[in-house]
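The values are calculated or read from the model by the stated rules, or taken from the named source; none is laboratory data. Owing to the predicted nature of the structure, the values given are computational and were not obtained by experimental measurement. Glycine gets a Cβ as well: all are built from the backbone with ideal geometry, and neighbour counts include every protein chain shown.
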Amino acid sequence: MDDDFLTDLAGDSEALSPNSTEEPGWWASSDGAETVHFAVRCVMTSVYILIITVGLLGNITLVKIFITNSAMRSVPNIFISSLAAGDLLLLVTCVPVDAFRYFSVEWVFGEAACKLIPVIQLTSVGVSVFTLTALSADRYKAIVNPMDIQTSSAVFWTCLKAVSIWLLSVLLAVPEAIFSQVVSMQGHRDNVTFVNCVPYPLSNQMHPKIHSVMIFLVYFLVPLAIISVYYYHIARTLIKSAHDMPGEVSEHTKRQCSDIEFSDAPEGNEAAAAGAPGLLLLQQEQEASCSCCRSRSRSTRPRPLFVHE
């Protein structure tokens, strides 16, 4: 549930929850309110069914391939399978509950589900975010330090990291179970009372602010900063290695070589020797550099195959 909504509702504002029994103003004032409401429910139901179906098929297929095919059990695939497991948990538990809000005016799943569903939702978010961070660290190690020998226990340590990510995500989601509660709310237009599940007590105005700031820092800002640093170094390494590839001659070097070949005439050499001995020495150094570039370029070309008759 939106933090701003709960704050405004606690402060006697005019905002309404998605679970409120009151119809939004533009629906209530419209002659086709029921038709619009029914159309929205049909569209949202179709969208949720599509999300659940595609998500289940894709993630179950990925996990099945990872389990049945031993060749797929590499370090990156372990993290990807952990991501798929987190998505499956979210699709099975949280998405149907969220879709049910379009059909029920209040929370009908009880106190236990009110404490459990937010924990599962935040755990899935934590698994996704922290696993992506670990994946960026793994890609950094593979690209920036490619000569590091991967030990035979790398798969074991990667599985241990994945389990640690799950445990950390569950621990960070425990406050959701502690503070979530089912409360009775009252609408401001027709004074209808309805039951809703809120992630923190409404009595203290600081709870929604602390809740929003902590989620923003832990699940967005800090992982984004870490991933950005890793991928910055990855991009810098790839750009540097692209310039240092053997057999590749820059356009500036090619222009220098063409200028030197144009000035290879005896008149040019005599003029250079008579006018500026240092210029002749620089020209000889450039010729040596160009000949080295040509030899490197020829060495990287594929050699023809000779057929013996």
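Taking Thr61, is it loosely packed, with under 14 Cβ neighbours inside 10 Å, out of contact with any His (no Cβ under 6 Å at 6 or more places or on another chain), over 27 Å from Val105 (Cα atoms) and hydroxyl-bearing (Ser, Thr, Tyr)? Steps first, please.
Numbers: loosely packed, with under 14 Cβ neighbours inside 10 Å: yes; out of contact with any His (no Cβ under 6 Å at 6 or more places or on another chain): yes; over 27 Å from Val105 (Cα atoms): yes; hydroxyl-bearing (Ser, Thr, Tyr): yes.
It is true that Thr61 is loosely packed, with under 14 Cβ neighbours inside 10 Å, out of contact with any His (no Cβ under 6 Å at 6 or more places or on another chain), over 27 Å from Val105 (Cα atoms) and hydroxyl-bearing (Ser, Thr, Tyr).
Take the conditions polar (S, T, N, Q), surrounded by 14 or more Cβ atoms within 10 Å (Cβ to Cβ) and at pLDDT 90 or above and apply them to Thr131. Does it pass?
Working: polar (S, T, N, Q): yes; surrounded by 14 or more Cβ atoms within 10 Å (Cβ to Cβ): yes; at pLDDT 90 or above: yes.
Judged against the criteria, Thr131 is a match.
If you go through the range 53-97 and keep only what is in a helix (DSSP H, G or I), touching a residue at least 24 places away in the same chain (Cβ under 8 Å) and of a type in the set (D, E, K, R), you end up with just Asp87. On the basis of being under 43 Å from the mean Cα position of the chain (by Cα), at pLDDT 95 or above, assigned to a helix (DSSP H, G or I) and farther than 19 Å from Ile165 by Cβ, does Ser228 make the cut? The answer is yes for Ser228. Considering only residues in the range 102-119 that are over 32 Å from the mean Cα position of the chain (by Cα) and in a helix (DSSP H, G or I), the one that is nearest to Val47 (Cα to Cα) turns out to be Gly110. If you go through the range 100-109 and pick out every residue that is crowded, with 17+ Cβ neighbours inside 10 Å and either free of Cβ contacts under 8 Å to residues at least 60 places away in the same chain or within 22 Å of Met214 (Cα to Cα) (or both), you end up with 0.
Within the group Pro208, Pro175, which residue is assigned to a helix (DSSP H, G or I), free of Cβ contacts under 8 Å to residues at least 12 places away in the same chain and buried (at least 16 other Cβ atoms within 10 Å of the Cβ)? Talk me through it step by step, then tell me what you get.
Details: Pro208 fails: free of Cβ contacts under 8 Å to residues at least 12 places away in the same chain.
Just a single option satisfies the conditions, and that option is Pro175.
Scanning the range 207-236 for residues that are hydroxyl-bearing (Ser, Thr, Tyr) and under 16 Å from Val127 (Cα atoms) yields a total of 1. Scan the range 110-118 and give yes if some residue there is exposed (fewer than 15 other Cβ atoms within 10 Å of the Cβ), small (Gly, Ala, Ser) and in the same structural domain as Pro76 (by TED's automatic domain parsing), otherwise no. Yes, because at least one residue in the range 110-118 is exposed (fewer than 15 other Cβ atoms within 10 Å of the Cβ), small (Gly, Ala, Ser) and in the same structural domain as Pro76 (by TED's automatic domain parsing).
Residues that are surrounded by fewer than 17 Cβ atoms within 10 Å (Cβ to Cβ) and within 25 Å of Cys42 (Cβ to Cβ) within the range 74-92 comprise just one, Val92. Sub-6 Å Cβ pairs linking a first residue in the range 228-239 that is not assigned by TED's automatic domain parsing to the domain that holds Asp138 to a second residue that is exposed (fewer than 14 other Cβ atoms within 10 Å of the Cβ) and modelled with pLDDT of 90 or more, at least 6 apart or interchain, number zero.
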